[in-house]
Amino acid sequence: MSPKDLEDRLVLAIKRAETQLPDDVVSALEKAHEIEEGSAKVQIEAILLNIKVSRETGAPMCQDTGIQTFFIEAGADFPYLGKLENIITDAVKRASSEVPLRPNTVNPFTGKNPGNNVGRYVPYITWDIVKGEECTIHLMPKGGGSENMCALNMMSPGRGIKGLKRIVVDHIVSCEGKPCPPTVVGVGVGGGADLSLKLGKRSLLRDVGIRHPEPHIAELEEELLELINESGVGPMGVGGKTTALDVHIEYAHRHPASFPIGIAVQCWADRRATVKITKDGRVEVI
């Protein structure tokens, strides 16, 4: 494998994420269509048609192609570790014209848009360095509408798990139709303010329907999903039974005086792709 080969695969992964919604998400939306009625059912029908057209034509499924966000698990001995950030940045630049992607990176002070979806700290990259020579790159385009609905709550520890449930459910219900539901909700618990939000966003990489490996966390995910869907916000906020497709939780140990809750919201277009590079140089786009 050469750096050019990896760049080509990353461009392919970006295009796949933007134009082919993962099967687990499509299946969840199809199940929602089966149980919805009236305006809610019409909204899900429109979403499913949009997914079909995007897959068939290769056009992005949403006009907001998002900020290109990467979570990387790189082996300490991965031969291209030092070059990986530049390779990813070059792939994003190419994908901007080849997919194409809407230019979505704007300087917060000047308003200047470079037109190629890169900029200061963008693309967003979260690094985990692990043992070995292999590398896994998770890609998640993150749209502005759902990102605007993310939230941080520095809860008083005395409120406990009941307080956590109230905060998460109340926040998602208050979002109404703004994040384009049915959403996938990521909840990061513990750590610090920044870590809780990062854990919430990282949890969105998990397939819809896959529970946390710890049983008590899995039960809490199920309970939160049920409570959110009982709210009646429904698809695109028009009312209905499906406000969220899933809730995912990740956690870190916290300070005794601090109980951060980071809520990361993903719209129905739960776009994801993964690139895996083996130690013998094989590259696979998933």
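Each value in this text was obtained by applying a stated rule to the coordinates, not by laboratory testing. Predicted, not measured: the structure shown is a model, and the values here were computed from it. Cβ sites come from the backbone with ideal geometry, for glycine too, and all protein chains shown count toward neighbours.
Could you tell me which of rounded, prolate or oblate describes the chain, using a ≥ b ≥ c as the square roots of the eigenvalues of the alpha-carbon gyration tensor, with rounded for a/c under 1.5 and, failing that, prolate when a/b is larger than b/c and oblate otherwise? It would help to have the intermediate numbers written out before the result.
Details: a/c = 1.70, a/b = 1.25, b/c = 1.36.
The shape class here is oblate.
All other residues with a Cβ under 12 Å from the Cβ of G240 taken together, and with Lys, Arg as +1 and Asp, Glu as -1, what is their net charge?
On the way: positive: K41, K241; negative: E36, E37, E230.
Residues near G240 contribute -1 overall.
Quick one: putting +1 on the C-beta of Lys and Arg, -1 on the C-beta of Asp and Glu, what dipole do you get for the chain around its Cα centre, in Debye to the nearest 20? Show your work: numbers first, answer last.
Details: 33 positive and 38 negative charges, 170 e Å.
The calculation lands at about 820 debye.
Got a sec? Charge dipole of the stretch 151-237, +1 on Cβ for Lys and Arg, -1 for Asp and Glu; which of I210, G186, L227 is way out at the positive end?
Final value for the positive-end residue is G186.
So how far apart, in nm, are the two label points at Q63 and A252 if each is 7 Å from Cα heading toward Cβ?
3.8
Hey, what number do you get for the chain at 222 nm if only DSSP H runs of n ≥ 4 count, each worth -39500 (n - 2.57), divided across all residues, to the nearest 500? Mind dumping the intermediate values first?
Numbers: 8 runs with 111 residues, N = 286.
For the chain, the value works out to -12500 deg cm²/dmol.
How far apart, in nanometres, would the label points at H216 and A193 be if each is projected 7 angstrom from Cα along the Cα-to-Cβ direction?
Here the answer is 2.9 nm between the modelled labels.
So for the pair Q20, T126, with labels modelled 7 Å out along Cα→Cβ, what separation do we get in nm?
Label-label distance for Q20 and T126, simple model: 2.5 nm.
Can you tell me the FRET efficiency between N148 and D5 if r is taken as the Cβ-Cβ distance and R0 is 51 Å, rounded to the nearest 0.05? Don't skip to the answer; put the middle values down first.
Values: r = 37 Å, r/R0 = 0.72.
Once rounded, the FRET efficiency stands at 0.90.
Compute, for the stretch 1-74, the length of the dipole vector about the Cα centre, with Cβ point charges of +1 (Lys, Arg) and -1 (Asp, Glu) only. Units Debye, rounded to 20.
Details: 8 positive and 14 negative charges, 45 e Å.
Using only the charged Cβ atoms, the result is roughly 220 debye.
Net charge near E134: determine it from the other residues with C-beta under 13 Å of the C-beta of E134, scoring Lys and Arg +1 and Asp and Glu -1. The partial results should precede the final answer.
Working: positive: K131, K276, K279, R282; negative: E73, D77, D128, E133, D280, E284.
Its environment carries a net charge of -2.
Quick one: if you take sqrt(5λ) for each eigenvalue of the C-alpha gyration tensor of the stretch 145-266, what semi-axes come out, biggest first, whole angstrom? Don't skip to the answer; put the middle values down first.
Numbers: eigenvalues 96, 42, 36 Å².
So the three semi-axes of the stretch 145-266 are 22, 15, 13 Å.
Could you give the length gained on full extension between N50 and S156, defined as 0.36 nm per residue of separation minus the Cα-Cα distance, in nm?
Numbers: separation 106, 0.36 × 106 = 38.16 nm, distance 4.26 nm.
Between N50 and S156, full extension yields 33.9 nm more.
Given +1 on the Cβ of Lys and Arg, -1 on the Cβ of Asp and Glu, and no further charges, what dipole in debye does the stretch 214-286 carry about its Cα centre, rounded to the nearest 20?
That gives the stretch 214-286 a dipole magnitude of about 500 debye.
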